[in-house]
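Student: Can you keep this structure in mind? I'll have questions shortly.
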Amino acid sequence: MAHRVRLFDRHVHLPQSKPIRIGLGIVLIAGGLLGFLPVLGFWMIPLGLLVLSVDIPIVRRWRRQVTVWWHRRRGKAETAPAASEPSSKS
């Protein structure tokens, strides 16, 4: 079974080897901590956590909680303007 993660409605394939995936996640997070340097950036931290979430249950739980929070927040934002619009009578 090929491991993959979903990122912005796209599926990204990951290496099949568990140690390589964990190493890749750690390297991405470590590179993100050096985000003030050129080429490296703080964008690498969430990407490293996303890669680690395939193999580490606690990181998977955090990812799932953030996903649920994001969809609930987005759902409220879509329904709030429609509910607050005053109805016009002609």
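Student: Name the helices (complete DSSP H segments) of the chain with a Cα length along the long axis of 20 Å or more and a Kyte-Doolittle mean of at least -1.0, or state none. All intermediate terms of the calculation are to be shown ahead of the outcome.
Tutor: Numbers: long enough: 18-33 (23 Å, 1.49); 57-84 (40 Å, -1.06).
For the chain, where a helix must reach 20 Å along its axis and average at least -1.0, the hits are 18-33.
Student: Using a simple charge model, +1 on the beta-carbon of Lys and Arg, -1 on the beta-carbon of Asp and Glu, nothing else, what dipole does the stretch 1-61 show about its Cα centre, in debye to the nearest 20?
Tutor: That gives the stretch 1-61 a dipole magnitude of about 200 debye.
Since every read-out is calculated from the coordinates, none of them should be taken as a lab result. What you see is a predicted model; the values in this text were computed from it and never measured. No Cβ is skipped: glycine too gets one built from the backbone with ideal geometry, and neighbour counts run over all protein chains shown.
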